[in-house]
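The values are calculated or read from the model by the stated rules, or taken from the named source; none is laboratory data. Note that this is a predicted model, so its numbers are computed, not measured. Glycine gets a Cβ as well: all are built from the backbone with ideal geometry, and neighbour counts include every protein chain shown. For accessibility, only protein heavy atoms count, side chains too; no ligands or nucleic acids. Shrake-Rupley method; radii C 1.70, N 1.55, O 1.52, S 1.80 Å.
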Amino acid sequence: MKSNNDFKKGVLYVVATPIGNLEDISMRALRVMKEADIIVAEDTRRTKAMLNAFQISTPLISLHEHNEKEKSALIIEKINTGKDIVYVTDAGTPCISDPGCFLISKAHDSNIKVIPVPGPSAVITALSVSGFTADCFVFCGFLPSRENDRKKYLKALKNEERTIVFYESPVRIMASLNDLRDILGNREIVLAREITKKFEEIRKGDISAIIDELTDRKIKGEITIVIKGEKIIIS
């Protein structure tokens, strides 16, 4: 990627990858991953499967939430010696409820050029099909897993006028939906499950209706919830 006249340091590419459908990969992402010296991946096994599908043989090393601080120093060192490195997570855009922030922050601190290669994101994808205003929204990542913590967190959002987006696991989705209804009221929501995958499901309705539709179902896959903001009436 560098000519003989370029500076010695390499660059760090932050590359978004498909959240389910491999056809969503960008031509730029493919080129950057092919031309890089190393790809740093959250899970090398998952990334290897994607790379194999596109016949990309760039060497892989792992960086995840449990080794990010330790591995980041090694990666920064490699970039400082002229290596161009790509960072990807398991799916979607790095650092959006995914690891990578520590590495990217260290790259900035080391005056390393950080280049985004944008692409899929479950947050934006779910918002785009919600029908709710997205001029301004709140993304909450995953809600707390413990019931008391989750309820406390939701109470702080009770009067939020902006559209709210969060992720949830299939194990906790019914409990979270019930908490949402109890605390935020029976608002209109969109539940997006397995976005871009074979069994993609987009459901829109009030929370009670969604709960009724999901009751007695074995729910699988990755879930994104979009909640219509609270309209505050000023008397």
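Couple of notes before you dig in:
- From the list ALA126, ALA107, ALA122, ALA91, the one residue that fits, being in contact (Cβ under 8 Å) with a residue 40 or more places away in the chain and closer than 15 Å to GLY10 by Cα, is ALA107.
- Number of residues in the stretch 107-132 that are outside any loop (DSSP other than H, G, I, E, B), aliphatic (A, V, I, L, M) and open to solvent by 40 Å² or more (accessible area, probe 1.4 Å) equals 1.
- Just so you know, in the stretch 177-235 the residues that are closer than 29 Å to THR17 by Cβ and of a type in the set (Gly, Ala, Ser) include one that is least open to solvent (accessible area, probe 1.4 Å), and it is ALA192.
Conditions (1) under 19 Å from the mean Cα position of the chain (by Cα); (2) open to solvent by less than 10 Å² (accessible area, probe 1.4 Å), marked per residue:
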{"site": "ALA134", "(1), (2)": "yes, no"}
{"site": "LYS155", "(1), (2)": "no, no"}
{"site": "GLU161", "(1), (2)": "no, no"}
{"site": "PHE166", "(1), (2)": "yes, yes"}
{"site": "ARG172", "(1), (2)": "yes, no"}
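- The set of residues from the stretch 8-67 being over 16 Å from the mean Cα position of the chain (by Cα) and acidic (Asp, Glu) comprises GLU23, GLU35, ASP37.
- Inside the stretch 133-173, residues that are farther than 24 Å from GLU201 by Cα, in contact with a strand residue (DSSP E or B) (Cβ under 8 Å, 6 or more places away or on another chain) and assigned to a helix (DSSP H, G or I) make up a count of 1.
- Here the stretch 37-76 is the region considered, the condition is being under 20 Å from GLY10 (Cα atoms) and touching a Pro at 6+ places or on another chain (Cβ under 9 Å), and the residue that is most open to solvent (accessible area, probe 1.4 Å) is ASP37.
- The lone exception for LEU12 - which of (1) crowded, with 17+ Cβ neighbours inside 10 Å; (2) outside any strand (DSSP E or B) it fails: (2)
- Answer residue from the stretch 57-103, given it is assigned to a loop (DSSP other than H, G, I, E, B) and among the hydrophobic types (A, V, I, L, M, F, W, C) and is farthest from ALA126 (Cα to Cα) among those: LEU63
- Search result, residues across the stretch 77-87 that are β-branched (Val, Ile, Thr) and surrounded by fewer than 12 Cβ atoms within 10 Å (Cβ to Cβ): THR81
- Some residue of the stretch 16-27 being buried (at least 16 other Cβ atoms within 10 Å of the Cβ), modelled with pLDDT of 95 or more, touching a Phe, Trp or Tyr at 6+ places or on another chain (Cβ under 9 Å) and over 14 Å from LEU103 (Cα atoms): yes
- Residue in the stretch 88-106 that is open to solvent by 10 Å² or more (accessible area, probe 1.4 Å) and over 26 Å from GLY20 (Cα atoms) present: yes
- Taking the criterion of being free of Cβ contacts under 8 Å to residues at least 12 places away in the same chain and of a type outside the set (A, V, I, L, M, F, W, C), the residues of the stretch 43-64 that qualify are ARG45, ASN52, GLN55, SER57.
- Selection of first residues in the stretch 137-158 that are over 19 Å from GLU222 (Cα atoms) and of second residues that are hydroxyl-bearing (Ser, Thr, Tyr), restricted to Cβ pairs under 7 Å at least 6 apart or on distinct chains, gives the following pairs, ordered by first then second residue: PHE137/THR163.
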